[in-house]
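Trainee: Okay, here's the structure, questions in a sec.
The values are calculated or read from the model by the stated rules, or taken from the named source; none is laboratory data. Quantities reported herein were computed from a predicted structural model and do not represent experimental measurements. With ideal geometry, Cβ positions are generated from the backbone for all residues, glycine too; neighbour counts draw on all protein chains shown. Heavy atoms of the whole protein, side chains included, go into the accessibility calculation; ligands, DNA and RNA do not. Shrake-Rupley method; radii C 1.70, N 1.55, O 1.52, S 1.80 Å.
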Amino acid sequence: MKNSNKKFLVEKVLNNTKPFDKNTLLTLKQITKEENNKPIIYIGAGTCGLGAGAGKTKIAIEQYLETNNIDAEIIAVGCIGLCSSEPIMDVKLPNKQRVSFEKVNNTDVNNILDDVFANKINPKHILAQFKSDTQEKWDNVIDISEHPFFEKQERIVLENCGIIDPTSIEEYIAKGGYKAYLNTIRNYKSKEICDLIEESGLRGRGGGGFSTGKKWKFSLNTEADQKYFICNADEGDPGAFMDRAVIEGDPHKLIEGQAISAFAIGATKAYIYIRAEYPLAIERLEIALKKAKEYGLIGKNIFGTGVDLDFIIKKGAGAFVCGEETALIHSIEGKRGMPRPRPPFPAVSGLFEKPTIINNVETLANIAWIINNGAGNFNKYGTATSKGTKVFALSGKITLTGLVEVAMGTTIREIIYNIGGGILNNKKFKSVQMGGPSGGCVVEQNLDIQIDYESLVEIGAMMGSGGMVVMDEETCMVDVAKFFMSFIQRESCGKCIPCREGTGRMLEILELITTKPDNSSNDALVRFRGIMELESLADVIKDTSLCGLGQSAPNPVLSTLKWFKHEYEEHIFDRKCDAGVCQSLRIFKIDVDKCTGCTICAKKCPTDAIIGSRKAAHYIIDDKCIGCGTCDEVCKFDAIEIL
Amino acid sequence: MKTEVDNILETYKGAKRDSLIPILQKLQENEGFLSKESVEKVSKYINVPTSKIYGVATFYNQFKFSPPGKYHIQVCRGTACHVLGSATVLSEIENALKIKTEQTTTDGLFSIEVVACIGACGLAPVISVNGEFHAQVTAESIHEILNTYREKEAKDEK
């Protein structure tokens, strides 16, 4: 079956330029499983799905099929993007539309499958169904495009994620995959592809936002015996996970996009630099590359066009700074991942001193679509300066978490409230952190701006790779600033002094603000001076650091200082953290009327800060208390108060 | 006598400097950490001084220089996990196992590592034990998770 499929796909699809006949169309539908003879059960088994328990669900499905003697196929797919509904299970019965169920734990499998095989829908778990022209609809089930999470989305990058079998190149080709690549190498010149991508308005999705087509031309116009094309899949921004989802759910989309891009600059060697923390993505990528090679889509003289292309996977070893282009190149060369001054830019002299282009996964995942649909259809989405769509990773204190792909120009409010379903547990919104450690916070008053590269910078945030971490009233913004500073300080490569020492100093100041005051008279003064220093330090680090990591390192602090100065002041002068996050600023007191003298708090206190004799009220020595709250947790009489 | 390290090195015939990180990754995958002996062998094999190799290896978070526990716990400290309480989760694990981050329990069963972001932010806070993910963990559920591994270990011993 597999081999005959391959012959069919190569002859009738990849080598065919005419419209498909009826028989071909039917076979294609069988390969994409839109037409099936036996039931198919899909299980969302991306990293988030597995984390939510998809592994156990899968075992339960296997057991169900065995006990009930049902002949069905189980397919593990990637992540459709709605993380908070994982594990997600889809069922495709012959002649019926594919239907999707959410929050399917192993104990729910029997009930749901009993119902489905009896042509009923379990109302508790139903998510939506997928439209098909030839298949029968389920009654009273909404279409996936009507689901509030998906309704406003425009899916280009994520179109196949969670839907197709990521290990099947057949399914990808049957859905029109690799058509763009073969079209490119058969009918276009490199320069024409660069022009087309430039015309589409596509800009780098990894954070920089530089015009992709323009960048490629720098390399195209540099003469060299060897050029390289690197895909940066070292997704290090905490809070962003779209690259992982694309590779896990639709690896061929990346490979096809990168293959076209490599052709556009005349590179014959393509590297994919991927985080070692993404084992599943690496596995899927390895399988996909092997299959693409079997089909002759990579290798020597591809489909008789004379084009050569080799792919090499390089696993990152865990260094945030390797997201910077020159650091990434050093890492591939087997050196410490430290940036170097530019120029020369990598596009002219990069990997092994040859012209090298580095693009991020999401950027490359757009390329095939643009070739297939034209630049005009891509740049109809978006704002004046930012075209196309952008994937955002919604997480934090929000009802629906996951990956959202929307047209540029959508407002932040729309993403958080209409798509993400608002703040978790109806708490009050405080801010949304965008752009990771290089970005900043967006506050309530800016929620209605239309997202594009420039508008975000104007309000002190940035596009970054698209992480959106939502924070509510229970989040302390000084603590968030401290969190990012400690991250940057740890990840600073140490090459240039402003970044290495400056971030350490900034972190020290933030730690001072968030720890228990020593009660000496000039304490408040020292703390206040700290803030003044924070601002001037931030300026120096921004102006004098070598690479983007250092230049943007102070952003989270500056942005929280700008919008939440009152929280800093509260920490300094009132020595209070209203959100209750900065533990050591908490002051505990024992209510003598409620205390029964059981001594449990005194026993559990890690610093022996509680005194009192048995059956008599206890007291807390403030100087010894570290605010850990253990006493509050262990007290059975509710006698501990937080002031 | 040929050791496993030699066997691994042989698969990298003619390797140059750019294979250094993949070789170290392979060795660590095999041994769980980078021992002094294996680093010395790599040095001879690709003709790069050990000082340079350590320079590279210590730069990256992935490489370890002492053996990890049988169950290696990675606690995600990404932004989403932080906002949803991963600091409490981490200190709860440290208390439960009576070790600190980067340490291994005396019975060699557990070790803790803090990682920047696992990339499962939608299900924060997340931990991973030997590559197996546990989502939306809380200070309470940690104990259950640890116990399942302890039970598994007890069963294996029988």
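Trainee: With the Cα gyration tensor of the range A:169-379 giving a ≥ b ≥ c as the square roots of its eigenvalues, does the rule (a/c under 1.5 for rounded; else a/b larger than b/c for prolate; else oblate) give rounded, prolate or oblate?
Mentor: Rounded.
Trainee: Counting only residues 5 or more places away or on other chains, whose amide H sits under 5 Å from the amide H of A:K314 once H atoms are built in the peptide plane?
Mentor: Excluding prolines and chain starts, which carry no amide H, the hits are A:I272, A:Y273, A:I274.
Trainee: Now, a different point. For the range A:17-146, give me the percentage of DSSP beta bridges that are antiparallel, rounded to the nearest 5 percent.
Mentor: Of the beta bridges lying entirely in the range A:17-146, close to 60 percent run antiparallel.
Trainee: Right, something else. Using a probe radius of 1.4 Å on heavy atoms only, what accessible surface per residue do you get for the range A:406-460? Whole Å² is fine.
Mentor: Spelled out: the 1.4 Å probe surface of the range A:406-460, per residue, equals 36 Å².
Trainee: Quick one: of the DSSP bridges fully inside the range B:71-157, what percent are antiparallel, nearest 5?
Mentor: Percent antiparallel among DSSP bridges in the range B:71-157 is about 55.
Trainee: If Lys and Arg each add +1 and Asp and Glu each add -1, what is the summed charge of the other residues whose beta carbon sits under 12 Å from the beta carbon of B:G119? It would help to have the intermediate numbers written out before the result.
Mentor: Values: positive: A:R244, A:R275; negative: A:D234, A:E235, A:D237, A:D243, A:E248, A:E277.
Value of the local net charge: -4.
Trainee: Per residue of B:80-93, what is the mean number of Cβ atoms on other protein chains within 10 angstrom of that residue's Cβ?
Mentor: 5
Trainee: Binning at 10 Å from 0, report for the protein assembly as shown what percent of all alpha-carbon pair distances ends up in each bin.
Mentor: Result, from short to long distances: 2, 12, 21, 25, 21, 12, 4, 1, 0, 0 percent.
Trainee: Of the trypsin sites (Lys or Arg not before Pro) in the range A:406-513, which ones lie in a loop per DSSP and count no more than 12 other C-beta atoms within 10 Å?
Mentor: Answer in residue order: A:K428.
Trainee: Now for a separate question. Quick one: net charge around B:S128, please, counting Lys, Arg +1 and Asp, Glu -1 for every other residue with C-beta under 14 Å from its C-beta.
Mentor: Residues close to B:S128 contribute a combined charge of 0.
Trainee: With a 1.4 Å probe and every protein chain left in place, work out the accessible area per residue of the range A:11-146 in Å², rounded to a whole number.
Mentor: That works out to 49 Å² per residue.
Trainee: Okay, next question. By average Cβ neighbour count within 10 Å, what is the ranking of A:219-226, A:459-466 from highest down?
Mentor: The peptides rank, most packed first, as A:459-466, A:219-226.
Trainee: Express the carbon and sulfur contribution to the solvent-accessible surface of the range B:72-158 as a percent, rounded to the nearest whole number, probe 1.4 angstrom.
Mentor: Exposed carbon and sulfur together represent 48 percent of the surface.
Trainee: Around A:G316, under 9 Å between beta carbons, what's the net of Lys plus Arg minus Asp minus Glu among the other residues?
Mentor: +1
Trainee: Please list 3J(HN,Hα) in residue order for the range A:198-209, calculated via the Karplus relation 6.51 cos²θ - 1.76 cosθ + 1.60 where θ = phi - 60°; whole Hz, with x for glycine and proline.
Mentor: Each residue of the range A:198-209 in turn: 5, 5, 5, x, 5, 10, x, 8, x, x, x, x Hz.
Trainee: Round to a whole number: what % of the accessible area of the range A:61-109 belongs to carbon and sulfur, probe 1.4 Å? Show your work: numbers first, answer last.
Mentor: Details: 650 of 1770 Å².
Exposed carbon and sulfur together represent 37 percent of the surface.
Trainee: Just subtract the alpha-carbon distance of A:E473 and A:I59 from 0.36 nm times their residue separation and send over the number in nm, one decimal. Mind dumping the intermediate values first?
Mentor: Details: separation 414, 0.36 × 414 = 149.04 nm, distance 4.04 nm.
Taking 0.36 nm per residue and subtracting the Cα distance, the gain is 145.0 nm.
Trainee: If you average the sequence gap of Cα pairs under 8 Å that are 6 or more apart and divide by the length of the range A:405-559, what percent do you get for the contact order? Intermediate values should be presented prior to the final figure.
Mentor: Working: 215 pairs, mean separation 38.6, N = 155.
Result for the range A:405-559 is 25 percent.
Trainee: On average over all directions, what projected area in square nanometres does the range A:487-567 have, based on the convex hull of its Cα atoms?
Mentor: 5.4
Trainee: Mind checking A:46-57 for the average number of partner chain beta-carbons within 10 Å of each residue's beta-carbon? Don't skip to the end; give the middle numbers.
Mentor: Numbers: counts 2, 9, 9, 4, 7, 14, 7, 3, 1, 2, 0, 0.
Mean number of neighbouring Cβ atoms from other chains: 5.
Trainee: What whole-number value in Å² describes the accessible area per residue of the range A:478-574 for a 1.4 Å probe?
Mentor: Working: 4250 Å² over 97 residues.
That works out to 44 Å² for each residue.
Trainee: Whenever you get a sec, compute what percent of the accessible area on the range A:478-574 sits on carbon and sulfur atoms (1.4 Å probe).
Mentor: 53
Trainee: Let me ask something else. What share of the DSSP beta bridges in the protein assembly as shown is antiparallel, in percent to the nearest 5?
Mentor: 55
Trainee: Just which residues of the range A:385-413 lose 50 Å² or more accessible area with every protein chain there, against their chain alone, with the probe set to 1.4 Å?
Mentor: In the range A:385-413, residues shielded by partner chains: none at all.
Trainee: Please give the average number of partner chain Cβ atoms lying within 10 Å of the Cβ of each residue in A:276-283, rounded to a whole number.
Mentor: Rounded to a whole number, the mean comes out at 3.
Trainee: Buried accessible area between B and A (1.4 Å probe, both chains summed, ligands and nucleic acids excluded), in Å² to the nearest 100?
Mentor: Chains B and A together bury approximately 3200 Å².
Trainee: Give the relative contact order (percent, whole number) for chain A; include only Cα pairs under 8 Å separated by 6+ residues. The partial results should precede the final answer.
Mentor: Working: 1286 pairs, mean separation 67.8, N = 643.
Reported relative contact order: 11 percent.
Trainee: For chain B, set up a Gaussian network in which alpha carbons nearer than 10 Å are linked by springs, and say which option among B:I73, B:I142, B:I112 fluctuates the most.
Mentor: In the Gaussian network model the winner is B:I142.
Trainee: Another question, if that's okay. Give me the distance between the Cα centres of the range A:385-451 and the range A:227-265, rounded to whole Å.
Mentor: Taking the Cα centre of the range A:227-265 as reference, the centre of the range A:385-451 is 23 Å away.
Trainee: Given the C-alpha centroids of the range A:553-615 and the range A:315-357, what is the distance between them in whole angstrom?
Mentor: That distance is 45 Å.
Trainee: Another question, then. For chain A, what does the helix formula give at 222 nm: sum of -39500 (n - 2.57) over DSSP H segments with n ≥ 4, over the residue count, nearest 500 deg cm²/dmol?
Mentor: It lands at -11000 deg cm²/dmol.
Trainee: Add -39500 (n - 2.57) for each DSSP H run of 4 or more in chain B, then divide by its residues: what number comes out at 222 nm, to the nearest 500 deg cm²/dmol?
Mentor: Roughly -14000 deg cm²/dmol at 222 nm, from the helical runs in chain B.
Trainee: Now a separate question. Testing the spin-label approximation: label points 7 Å from Cα along Cα→Cβ at B:F65 and A:N16. State their distance in nm.
Mentor: Rounded to a tenth, the inter-label distance reads 6.1 nm.
Trainee: Which trypsin sites (Lys or Arg not before Pro) in the range A:207-240 pass both tests, a DSSP loop state and at most 12 other beta-carbon atoms within 10 Å?
Mentor: On the way: sites: A:K214, A:K215, A:K217, A:K227; in loops: A:K227.
Passing both the DSSP loop test and the Cβ count: no residue.
Trainee: Take each of the peptides A:237-244, A:401-408, average the number of other beta-carbon atoms within 10 Å over its residues, and list them starting from the highest.
Mentor: A:237-244, A:401-408
Trainee: Which whole-number percent gives the relative contact order of the range B:4-59, counting Cα pairs below 8 Å spaced six or more residues apart?
Mentor: RCO, the range B:4-59: 36 percent.
Trainee: While we're on this one: In nm, to one decimal, how far is the modelled label at A:K131 from the one at A:K428, with both set 7 Å along Cα→Cβ?
Mentor: 4.2
Trainee: Which of the peptides A:260-271, A:314-325, B:95-106 is most tightly packed, and how do the rest follow, going by the mean number of other Cβ atoms within 10 Å of each residue? Let's see the in-between values first.
Mentor: Working: A:260-271: 23.7, A:314-325: 25.2, B:95-106: 14.0.
My ranking of the peptides, most packed first, is A:314-325, A:260-271, B:95-106.
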